[in-house]
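Undergrad: The structure under discussion is supplied below as structure tokens; questions concerning it will follow.
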Amino acid sequence: MKSFKSTVVLIFTAVILAMLMGLGGLFISQITKDITQDTHEVLRDMAQKEAQYIYSKVNARLAYIDALAQNSLLSDENVTLEEKIAFFEAEAARTGYLAFAFADLNGDSTVFNSKRETTNIGHRDYFQAALQGRPEVSDLVISNVTGELVMLYAAPVYREDELIGVLYGRRDGHALSEIISDVNYKKTGYAYMVNNQGVTVAHKNTDLVLAQDNDIENMKTNESLHELGELTKEMITRTVGSGTYTYNGVKKIVGYAPIADTPWIVVYGLEEAEALAGIRTLSKMLWIFVLVAGVIGVVIAYIVSARISDPLIKISKEMENYRKNRSIALPPKYLNRNDEIGILSKGITLMLDHISSYIAKLEEKNQELTDAKEIITSERVLLETTLHSLGDGVISVDKDGNIKIMNEVAENLTGWTSKEAYGLPFEVVFNIVHEVTREKCPSPIQRTFENGEINELDECTVLISKTGEEISVEDSVAPILDNEGNITGAVIVFRDYTDKKQKQEEILYLSRHDQLTGIYNRHFFEEEVKRLDTEPYLPLSLAMFDINGLKLTNDAFGHRVGDELLQIVAQTIKNTCREGDVVSRIGGDEFIVLLPRTSYREAEAIIKRVYLEFEQAVFNNIVISVSVGWGTKNSLEQNIMEIYAKAEESMYRKKLIESQSMRNKTIQVILNTLKETNQRERIHSEKVSKISKKIGEALNLDYDLLQEIEMAGLLHDIGKIAIDNNLLDKCGGLTNDEYEEVKRHPEIGYHILKSADAYSSISDYVLAHHERWDGTGYPRGIKGNEIPLVARIITVADAYEAMTAERTYRKVVSKEEAFEELKRCAGTQFDPEIIQALCEAFPDGHLFPEH
């Protein structure tokens, strides 16, 4: 068996060697062709890169000469030649140019140097090109001026957009050869340049000999392009290419590329022998390899059987065994080998171990899937439990709109059990109608099936349960989608909307009504004006009411009483007006009534009824006085706001007349109320009034002023109407806060009296009757003669009466002691002149004997 295997291996090896020899020949031939082609491509690429490099340098110099030509120095007629020479000599020294020159339109040029050479370049190509408006570089030429080999860069010169000549600069022509001489490519590689006539203009081994006609010719190089025949013709067509030629028995490969915007072509060359040197070496090595391989193959033929065939057969059998019982047992001699068989044995063993591990993991994953299925079942139960514990009703339907799931809340709201509703159309169980029209509402799930979006019920939707109970509901419907986005059903979540709707209605009510009076507010009034300001409601009358003396009532009796007054006025107006009239409070004490389909006379009759109601109204002895003005819109052309303005103006005119009378009455009511509610304050005010008059008589004041003093003394504490009686009658001392509250009464009294013309003259006396001569009183802290005389008199009278009258918080002081206290406080609390007058008028101290 082994002998047969060895023979087979030997024959196989011989066949392989023969094939290798044939393929080797083909391989060498193809490689030679490929390397030759690659060399052509490399030389073309090198020529192109070199052309681009030279073009960049030429282009930079063209840009420079063009920028220099735009210098105003050239076009400015006021600049002297000496200044131009100095500038361009310095520029030439800085940039490496041999010299700069300027030529006029005829080609007559002057060199900008100390010699000031002149010449004519009118026949030169670069000059003609520059006259066309573009910068240009020349071929290598012999300078007419210096006889040197040069290249010239020229650019047009303008004066105020008019061409006046050409600026050109000379550079050393050997610069091209210097660029080429730096090229080194392998051992035999070289580079040179030719112009469009095929004449070599640069070569690292070239000496240039120039003729007098300024053309480059007779170029002596190692190989003249004129000898290259057809290849030269291809080069001067200015295309990128490559080719071969033989010179002095040596075959060479060249690549060439033109330099853009120049008359030159770059050529790169390499001897073919050097390019293919590697192939010859490779060919020799190939044949040696074939011979060696043949010898080795024979040796391998004898070894392969024992070292490779048997192990491979054993490994194959073990792999077959693994397929049956998932186990493998290769001999240790295979596993311990360090060659490919050992690697293969170890690899297969490791691979099958991994496969066994993956099988075990798959079995483990399968068990996990089984466990996951149980978890999903458990979570489904949990989901159903959660669904039934929600506070909202939930109904799930299939794609046909038939009910599949209902929770307990949905059962309670609809009156249907889950078993009864299962499979029924959604519309049968969820019977909804419009609250106002009583029309059946469209199915919300049908809308969701059509647009695929989450939808909500319209407002004013009522659910009629199975038992006929009506419930206001709100809901949202969401589609159920599969993995591909297809609708497979819908879920409806709904709730009892009754409480929420009631709260919304309350909010709406509050947004339209005045919180204090319960009638409509300004916001609603403005909406109603827009609604009623149309032809069907004409004539449209508007009446404006204003309470007279509301602030006085607030100051005197407190804001609680003022609020009650507002409520009484609002209800009186509302009760007197008709159904359909719009009564609104639009300001603190202002009311307005919209009277649709009401003429001016009809509005007047309604307002008279309102006045009559106010006259009959009774409110804690407080005078109820309201001023009113009204107007009527009879045609659409009239502006309702103008009617509003007229009504307001009319109301204010009446208020001027009615308000003062009402305030005077109110002050009398306040005074009477104060007397009735606090007998001690009544006595105190009457005595202070009399004492004040006595003091005025002692000061020899006139009759009219004595009358004011007497009235001011009577009303000096009228502000106490707004102070809690518990504080006024408190036994013992007051706390700081309580004292601060009591100290408000002068200001309150001032505001009450100031509001009525009949009492306004004494309001300042009431405000200042607690000021002190030294400025430490209240409420303003004024002093001396800044305090009105009447107030200073009342201060003395008030203090005397307070000391000699009975008080709950202290003992009574005798008249003599009180008089001594007045004298002691003269100059601090009291006006010393008033006290002096008292001492002279009442030397015994009996200021008021009948007290």
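Undergrad: How long are the semi-axes of the equivalent ellipsoid of the range 460-559, defined as square roots of 5 times the Cα gyration tensor eigenvalues? Whole Å, largest first. Provide the component values of the computation, followed by the final result.
TA: Numbers: eigenvalues 481, 86, 44 Å².
The answer is 49, 21, 15 Å, longest axis first.
Undergrad: Still on this structure, I have one more. In 20 Å bins starting at zero, report the fraction of Cα pairs in the chain per bin as a rounded %.
TA: The percentages, shortest bin first, are 10, 15, 12, 12, 17, 18, 13, 3, 0.
Undergrad: Please give the per residue volume of the convex hull enclosing the alpha carbon atoms of the range 395-533, rounded to a whole number of Å³.
TA: Measuring per residue, one finds 154 Å³ for the Cα hull of the range 395-533.
Undergrad: Once every Cα of the range 481-630 carries one equal point scatterer and solvent is ignored, give the base-10 log of I(q)/I(0) from the Debye formula at q = 0.11, 0.15, 0.18, 0.21 Å⁻¹, two decimals.
TA: Those come out to -0.52, -0.83, -1.07, -1.29, one per q.
Undergrad: Looking at the calculated P(r) for the range 101-144, what percent of the C-alpha pair distances fall above 11 Å? All intermediate terms of the calculation are to be shown ahead of the outcome.
TA: On the way: 639 of 946 pairs.
More than 11 Å apart: 68 percent of the Cα pairs in the range 101-144.
Undergrad: Based only on the alpha carbon positions, what is the Kirkwood hydrodynamic radius of the range 393-439, in angstrom? List each step's numbers first, then the result.
TA: Numbers: mean 1/r = 0.0910 Å⁻¹.
One decimal place: 11.0 Å for the Kirkwood radius.
Undergrad: Let me ask you something else. Could you pull out every one of the lysines with an alpha carbon less than 17 Å from that of Lys84, ignoring same-chain neighbours closer than 8 positions?
TA: Lys115
Undergrad: Could you state the accessible area per residue of the chain in Å², with a 1.4 Å probe and every protein chain left in place? Spell out each step's value before the answer.
TA: Numbers: 45460 Å² over 851 residues.
That works out to 53 Å² for each residue.
Undergrad: Hey, what did the chain get for relative contact order, percent, Cα under 8 Å, at least 6 apart? It would help to have the intermediate numbers written out before the result.
TA: Numbers: 1326 pairs, mean separation 52.5, N = 851.
This gives 6 percent for the chain.
Undergrad: If the cut-off is 20 Å between C-alpha atoms, which lysines fall inside it for Lys687, apart from same-chain ones fewer than 8 positions away?
TA: Lys675, Lys720, Lys811, Lys815
Undergrad: Students often get this wrong, so check it: of Lys654/Lys754; Lys693/Lys783; Lys503/Lys551, which have C-alpha atoms separated by over 26 Å? Mind dumping the intermediate values first?
TA: Values: Lys654/Lys754 20 Å; Lys693/Lys783 22 Å; Lys503/Lys551 35 Å.
In this structure, Lys503/Lys551 lie more than 26 Å apart at Cα.
Undergrad: Same structure, new question: Pick out, in residue order, every one of the GluC sites (Glu not before Pro) in the range 463-511 that is DSSP loop and has at most 14 other C-beta atoms within 10 Å; say none if there are none.
TA: Values: sites: Glu469, Glu470, Glu474, Glu484, Glu505, Glu506; in loops: Glu469, Glu484.
Those satisfying the criteria are Glu469, Glu484.
Undergrad: Okay, next question. Give me the base-10 log of I(q)/I(0) for the range 542-648 at each q in 0.16, 0.19, 0.21 Å⁻¹, Debye formula, one uniform scatterer per Cα, rounded to two decimals.
TA: Cα-only, vacuum Debye calculation for the range 542-648: -0.70, -0.93, -1.10.
Undergrad: Sticking with this one: Need the list of lysines near Lys440 for cross-linking: C-alpha distance under 24 angstrom, and skip anything on the same chain fewer than eight residues off.
TA: Result set, ordered by chain and number: Lys399, Lys404, Lys466, Lys500, Lys501.
Undergrad: In whole percent, and with a 1.4 Å probe on the protein chains, what portion of the accessible area of the chain is carbon and sulfur? If you can, show how the numbers build up before the last one.
TA: On the way: 23890 of 45460 Å².
Ligands and nucleic acids excluded, carbon and sulfur give 53 percent.
Undergrad: Next up: What is the log10 of I(q)/I(0) for the range 40-112, computed with the Debye formula using one identical point scatterer on each Cα and no solvent, at q = 0.20 Å⁻¹?
TA: Result of the Debye calculation: -0.90.
Undergrad: For a protection proxy built on the mean count of beta-carbon atoms within 10 angstrom, sort 646-657, 40-51 highest first, please.
TA: On the way: 646-657: 15.2, 40-51: 18.8.
In decreasing order of mean packing, 646-657, 40-51 become 40-51, 646-657.
Undergrad: Let me ask another. For n ≥ 4 DSSP H runs only, could you compute -39500 (n - 2.57) per run for the chain, divide by its residues and tell me the 222 nm figure to the nearest 500? Display every interim value, and only then the final one.
TA: Numbers: 30 runs with 438 residues, N = 851.
Helix contribution divided over all residues of the chain: -17000 deg cm²/dmol.
The values are calculated or read from the model by the stated rules, or taken from the named source; none is laboratory data. Being a predicted model, the structure only gives us computed values, none of them experimental. We place every Cβ from the backbone using ideal geometry, glycine too, and count neighbours over all the protein chains shown. Please note that ligands, DNA and RNA were not included when accessible areas were found on the heavy atoms of the full protein model with its side chains. Shrake-Rupley method; radii C 1.70, N 1.55, O 1.52, S 1.80 Å.
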